[in-house]
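Down below is the structure, laid out as structure tokens.
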Amino acid sequence: MAQPAYQRNTNVSVQEGIEKKQKNVKKTFIYFILMIYALVNTYPIIWMVINSFKNNIEFSKKPFSLPEVWQFENYKTAWKTAHLDTYLLNSIIVSVSAVILTVFLGALASYFLARFSFKWGKYIYTFFTFGMLIPVHATLVPLFLLMKNLGLLNTHVGLILPYIAFNLPITIFILVSFMKSFPLDIEESAIMDGCGVFRIFWHIILPMTRPALATVVILNFINNWNEFSFALVLVNDESLKTLPLGLANFAGQFTTNYGAQMAGLTLAIIPTIIIYVLLEEHLVKGMTAGAVKG
Amino acid sequence: MHLLSQKKWPILIGLAPAIIVYFLFAIIPIVISFYYSLMDWDGFTKMTFVGLANFKEVFNDPIFWQSLKNNLYVLAASVFGQVPIALFFALLLNRKLKGGKFFRTVGFMPVVISTVVISLVWGMMYNARIGLFNQFLKIIGLEQWAQNWLGDPKWAMVSVSITIIWQFVGLYLIIFLAALQNIPQEIYDASEIDGASGLKQTIYIVLPMIWDTIIVAVILCISGSLRTFDLIYVMTSGGPGHATEVMAMYMFDKTFSSTRYGYGSAISLCIFFFSLALIYISNLILRRKTV
Amino acid sequence: MKKFRILSFLLVVMLLSLTACSGSSEQSSGKSSDDSEGKIELTFWNIWTDPSPQNKASLKQVEKFMKEHPNIVIKQQNIPHDQYKVKLKTQAAGKQLPDLIQVWPGAELKPLVDGGLVQPLDDIVSNWDSLITNKDYLKDYQISGKQYAIPANVTPTSVVYYDKDMLAKVGYNEFPKTYEEFKTLIKKLKDSGTIPIALGNKAQWVLQSSYISTIGDRLTGSDFLKSVLETGKKKFTDEKFIKAVGIIKELADMGAFNDDFNSIDNNQHRDLFISGDAAMMIDGAWSLGPVLEAAPNKHIGLALFPQVDGGLGDPTAVSAVTGTGIAINSELKGEKLKAAQEFLKAFYGEDYYKNLMKADILVPANIEPPADISPQLKEMAELTSKKIAPVYDATLPTEVTDIINAGLQEVTLGTMTPEQLAKKLQEAVDKQK
């Protein structure tokens, strides 16, 4: 990280001293705000982890204190009740494949919608945004019937395809707005060099879109990782079910095992955080090391 | 306009896969669902055609209008809460700061956490008996301000909206951060030479450059708010009474609890058209400003 | 960029594993069908996900059956209660129901029967003649005189649980016999600084299932709902019914409940009672097991909602519903049907009912209770065996249930009067016809 400008000054005049002081005050203030922001945002995670060690009575009677007896076996119960061994793997398979396909297809489509002008472009773009306006629950029964007729019920593919379809709109929506903001002359030199359309996409546009790509990868992953309704109705086989279905198992008709539920949710959140941390630097590539260095 | 625009086939190849998957697995189910809206169907016995009767009933249903009102409430909270807060923190975090990565990660956490956890922890904080908010008010001597946050119809929607704002600020934060990466460093430098810095720079240089992204964020707010479901479903189940009922939840209950697929579909069609109209209107307002 | 490469590498590996996995799962499923040649496979959906004693007993029963019948394979799917109903309805719309389906009585079962999706058990119902001697218990699963499932448990939905020590402290060694006395008790408990009755009505069904079902019965008598729905002789706008709703309002207004009763759920209200923050709770028999498990040393008393002056109902009646029935898919024929019937006969056996009793569950079977059941369960059985009243949500159409659920909550908030709720309910009933 580069040195802040004010530290480079060697002959500090009075005037600059005051400026420095003001800057320090400003900095402290910024950090103060950020610390509060961090606390407000992380508290629920901390709360979840702490409560994952409580029994039910403590959970509802003293929700904000540390557990009196640490119930480590909650994690064991959680692992079993939520069928984490099989469901976790299924979730990874389904989410990751859907993310890769959605982002790839979405980026390709966005490239043409954003960088080319053709007759139907605007309509196709509008057509895609329609998908963001439908409550998913309205499509459960029709989608179920459709998958039944296609023979895709009870398969991973039968889950991945709707995940792609329902995440394409927001993916395209974000990517198009991003790609549109590049100046037009970017491709022109490439065309002069004789680059094909798809090479421009792969070598010029995609690298430039990296922050937005990171954004949509994260969004897609979270959406798929937490998706419940489609998984509930489209999959019957125990060996194909995904994590959110397992995480619902803690709630019985008249009882809920909250401690174990928190333990299960704590485990389930780890992959999402890993993905986010891995992608975070691309989100803000410009500020870490300049755009070209990879 | 573009040199490549004469050739048709690459466009076709590029768009076809996305369109096909989207059409087959999103559009067809949606269209079928719209078709149900003209039917009376319980999912068990034969369906019968009833024309627009479902829509007539929707428009005369006071609970539906109540839920629309609540959706608009969430929408207002999102547009005027999430977007400015997210923008503020995006600008703050888009600079060289020690621990910047940490704060950016932390800012995104609420989007990652399960809705169940969010509703449980916020529910407990709002709790009238043992909740943190009321205890805090008690400590600072403002006990008369203590409320039954989620149990009182006057406050339930406010409380729920605050949680929703909190939950999704992180989403817009990363969208804005990504957009801010598109502004070349030279522009900041040039404007600083011209004497623009701080707030001025932000308002006159940065905001116009990410204005399109702000519009994107507003549209995402509209589509998200009108379909909002999970959090309210777990946090209040629409109660007390119907004080926090929202359209998507009402549609869900009508479909799967009362098994009135036709009526549920009619509500979802209304959600679709309301969202479309609101996006159109917001586009008119926001685009005009830029010109 | 390095991380990006690692990540993309990981993603590719995962994608490859996907193709590998889907391949292998096809193989394995192919294999299993080979193995099961000559075996009969029955699919079975239930809600036995969490390891509660009742679920454990049920799952054990399935395993036992498979051990005793090596030629029949029961392929289960356990789905949590709330989601089960969404899935069931979706799959019913596509006529893709499993062979054996866990069903709930009344309003939940009726559409399945109307849609011709399940078949009656009339051929085998005589099997339980000696076990379930009280034929009333079979009624919940009957539609138009045909039996569609056998109940595993009887669930009184409205029992008053009270802490004997806490009541003794305010001078009550006996539970009050009349509603007026009950109110005095509440006032005394409130003055002593405890929550009189723990209530968590966030999900809205508690006031309906555990309160109005029995309180309504005290005032209107047990034939009320039937005559409202079927003959139309009585209406919800009946002053007795309005008075019953008024009792709930009165309890809320006098501060009988914890302040947050509309924002916590039934799990949380049970915990309030267990932890001693509240002296009483009105809850279903399903809470007995969890209460005994969490607070084995608490002196728990059980009672029914007291008599109300001017009421037409029997004060010994309690609203109850039978449950955990399993219906057979109407498409089953021949060998598979036989296997399914065999399963039901074996499943609802004496040993199952005994195991349920050990798990503090009341059962419809007339059997000698095992020696080691809890005294509280015996007390519960005594208390609730005299007269059964209908539970509202098992009797009313779901649309009407939705109205009374939300309406009772509004009544407690004062945003709706009992008269308005009664009127709204009657309108909904009229619309159904």
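The values are calculated or read from the model by the stated rules, or taken from the named source; none is laboratory data. Keep in mind it's a predicted model, so treat the numbers as computed, not measured. Note that each Cβ is placed from the backbone with ideal geometry, even for glycine, and that neighbours are counted across all protein chains shown.
Name the single residue, out of those in the stretch A:23-62 being away from chain C (no Cβ under 14 Å) and among the hydroxyl-bearing types (S, T, Y), that is surrounded by the most Cβ atoms within 10 Å (Cβ to Cβ).
A:S52
In this structure, does B:I30 turn out to be surrounded by fewer than 19 Cβ atoms within 10 Å (Cβ to Cβ) and of a type in the set (A, V, I, L, M, F, W, C)?
Considered against the rule, which asks whether it is surrounded by fewer than 19 Cβ atoms within 10 Å (Cβ to Cβ) and of a type in the set (A, V, I, L, M, F, W, C), B:I30 comes out as no.
Taking C:Q409 as the residue in question, decide whether it is under 26 Å from the mean Cα position of the chain (by Cα) and not small (G, A, S).
Here the answer is yes, as C:Q409 does meet what is asked.
Could you list all residues from the stretch B:76-89 that are buried (at least 18 other Cβ atoms within 10 Å of the Cβ) and either more than 18 Å from the chain's Cα centre (by Cα) or at the interface with chain A (Cβ under 8 Å from one of its Cβ atoms) (or both)?
B:F89
Quickly run through the stretch C:36-82 and pick out the residues that are of a type in the set (S, T, Y) and crowded, with 19+ Cβ neighbours inside 10 Å.
C:T49, C:S52, C:S58
Quick check on this structure: which one of B:I30, B:I63 is among the aliphatic types (A, V, I, L, M), farther than 24 Å from C:D402 by Cα and either part of a loop (DSSP other than H, G, I, E, B) or at pLDDT below 95 (or both)?
Being among the aliphatic types (A, V, I, L, M), farther than 24 Å from C:D402 by Cα and either part of a loop (DSSP other than H, G, I, E, B) or at pLDDT below 95 (or both) holds for just one of B:I30, B:I63, which is B:I30.
Which of the residues spanning the stretch B:90-111 are free of Cβ contacts under 8 Å to residues at least 40 places away in the same chain and either part of a helix (DSSP H, G or I) or under 18 Å from the mean Cα position of the chain (by Cα) (or both)?
Correct list: B:L92, B:G100, B:K101, B:F102, B:F103, B:T105, B:V106.
Determine whether B:S237 is of a type in the set (S, T, Y) and surrounded by fewer than 24 Cβ atoms within 10 Å (Cβ to Cβ).
It is true that B:S237 is of a type in the set (S, T, Y) and surrounded by fewer than 24 Cβ atoms within 10 Å (Cβ to Cβ).
Would you check which residues across the stretch A:21-72 are within 23 Å of the chain's Cα centre (by Cα) and either of a type in the set (A, V, I, L, M, F, W, C) or over 14 Å from B:V121 (Cα atoms) (or both) and list them?
Within the stretch A:21-72, A:L34, A:Y37, A:A38, A:L39, A:V40, A:I45, A:I46, A:W47, A:M48, A:V49 qualify.
Given the stretch C:215-330, what strands (runs of 3 or more DSSP E) lie entirely inside it while holding 3 or more residues that are within 30 Å of C:F347 (Cα to Cα)?
Filter on the stretch C:215-330 gives C:317-323, C:325-329.
To keep it simple, each residue is scored yes or no on (1) more than 21 Å from A:L84 (Cβ to Cβ); (2) touching a residue at least 60 places away in the same chain (Cβ under 8 Å); (3) within 11 Å of chain B (Cβ to nearest Cβ).
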{"position": "A:L213", "(1), (2), (3)": "yes, yes, yes"}
{"position": "A:I218", "(1), (2), (3)": "yes, yes, yes"}
{"position": "A:F228", "(1), (2), (3)": "no, no, yes"}
{"position": "A:S239", "(1), (2), (3)": "no, yes, no"}
{"position": "A:N249", "(1), (2), (3)": "no, yes, no"}
{"position": "A:F254", "(1), (2), (3)": "yes, no, no"}
{"position": "A:A260", "(1), (2), (3)": "no, yes, no"}
{"position": "A:A263", "(1), (2), (3)": "no, yes, no"}
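Which one is nearest to B:L15 (Cα to Cα) among residues in the stretch A:186-202 that are crowded, with 16+ Cβ neighbours inside 10 Å and β-branched (V, I, T)?
A:V197
Which of the residues belonging to the stretch C:153-198 are farther than 22 Å from C:P315 by Cβ and either within 14 Å of another protein chain (Cβ to nearest Cβ) or among the hydroxyl-bearing types (S, T, Y) (or both)?
If the condition is that a residue be farther than 22 Å from C:P315 by Cβ and either within 14 Å of another protein chain (Cβ to nearest Cβ) or among the hydroxyl-bearing types (S, T, Y) (or both), then C:N153, C:S192, C:G193, C:T194, C:I195, C:A198 are the ones that fit.
Can you find a residue in the stretch B:151-171 that is in contact with a Pro (Cβ under 9 Å, 6 or more places away or on another chain), facing another protein chain (nearest Cβ under 8 Å) and polar (S, T, N, Q)?
For the stretch B:151-171, residues in contact with a Pro (Cβ under 9 Å, 6 or more places away or on another chain), facing another protein chain (nearest Cβ under 8 Å) and polar (S, T, N, Q): absent.
Considering the stretch C:373-408 alone, what residues qualify as being in contact (Cβ under 8 Å) with a residue 40 or more places away in the chain and assigned to a loop (DSSP other than H, G, I, E, B)?
Selection gives C:S374, C:K386, C:P390, C:V391, C:L396, C:P397.
Kindly evaluate C:L356 against the criterion of being closer than 30 Å to C:S275 by Cβ and at pLDDT below 90.
No.
Cβ-Cβ distance below 7 Å, separation of 6 or more or different chains: which pairs start in the stretch B:29-54 with a residue that is within 12 Å of chain C (Cβ to nearest Cβ) and end on one that is assigned to a helix (DSSP H, G or I) and among the basic types (K, R)?
The qualifying pairs are B:G43/C:K89.
Please work out which one of (1) at the interface with another protein chain (Cβ under 9 Å from one of its Cβ atoms); (2) under 20 Å from B:Q82 (Cα atoms) is the condition B:V218 fails and give its number.
Going through (1) at the interface with another protein chain (Cβ under 9 Å from one of its Cβ atoms); (2) under 20 Å from B:Q82 (Cα atoms) one by one, B:V218 breaks only (1).
Which residues, counting only those in the stretch C:144-196, are among the acidic types (D, E) and surrounded by fewer than 21 Cβ atoms within 10 Å (Cβ to Cβ)?
Answer for the stretch C:144-196, where residues must be among the acidic types (D, E) and surrounded by fewer than 21 Cβ atoms within 10 Å (Cβ to Cβ): C:D165, C:E174, C:E180, C:E181, C:D191.
Check B:T255, B:T244, B:T259, B:T213 and return the single one that is in a loop (DSSP other than H, G, I, E, B), within 11 Å of chain A (Cβ to nearest Cβ) and not aromatic (F, W, Y).
B:T259
Can you tell me which condition B:K46 does not meet? The list is (1) farther than 25 Å from B:M249 by Cα; (2) assigned to a helix (DSSP H, G or I), and all the others hold.
Result: B:K46 passes all but (2).
Has the stretch A:60-78 got at least one residue that is over 30 Å from C:A295 (Cβ atoms), in a helix (DSSP H, G or I) and at pLDDT 85 or above?
No, the stretch A:60-78 contains no residue that is over 30 Å from C:A295 (Cβ atoms), in a helix (DSSP H, G or I) and at pLDDT 85 or above.
Picking from A:I222, A:I205, A:I200, which residue would you name as being over 18 Å from the mean Cα position of the chain (by Cα) and either within 18 Å of A:T102 (Cβ to Cβ) or not assigned by TED's automatic domain parsing to the domain that holds A:S110 (or both)?
A:I205
Starting from residues that are surrounded by fewer than 20 Cβ atoms within 10 Å (Cβ to Cβ) and among the polar types (S, T, N, Q), keep the ones in the stretch C:267-324 and report whichever is nearest to the other protein chains (Cβ to nearest Cβ).
C:S275
Failed condition for C:K338, given (1) buried (at least 17 other Cβ atoms within 10 Å of the Cβ); (2) under 30 Å from C:K75 (Cβ atoms); (3) of a type outside the set (S, T, Y), with all others met?
(1)
Consider only pairs whose beta carbons are under 7 Å apart and that are at least six residues apart or on different chains; among these, list those whose first residue lies in the stretch B:202-217 and is under 15 Å from B:R287 (Cβ atoms) and whose second residue is modelled with pLDDT under 85.
Qualifying pairs under 7 Å: B:W211/B:T290; B:D212/A:S181.
Hey, could you check the stretch C:86-128 for residues that are touching a Phe, Trp or Tyr at 6+ places or on another chain (Cβ under 8 Å) and of a type in the set (D, E) and say which is surrounded by the fewest Cβ atoms within 10 Å (Cβ to Cβ)?
C:D114
Quick check on my filter: what residues within the stretch B:112-139 are hydroxyl-bearing (S, T, Y) and free of Cβ contacts under 8 Å to residues at least 24 places away in the same chain?
Listed by number, the list holds a single entry, B:S114.
Is the stretch A:153-174 home to any residue that is within 8 Å of chain B (Cβ to nearest Cβ), assigned to a helix (DSSP H, G or I) and at pLDDT below 90?
Looking through the stretch A:153-174, none of the residues is within 8 Å of chain B (Cβ to nearest Cβ), assigned to a helix (DSSP H, G or I) and at pLDDT below 90.
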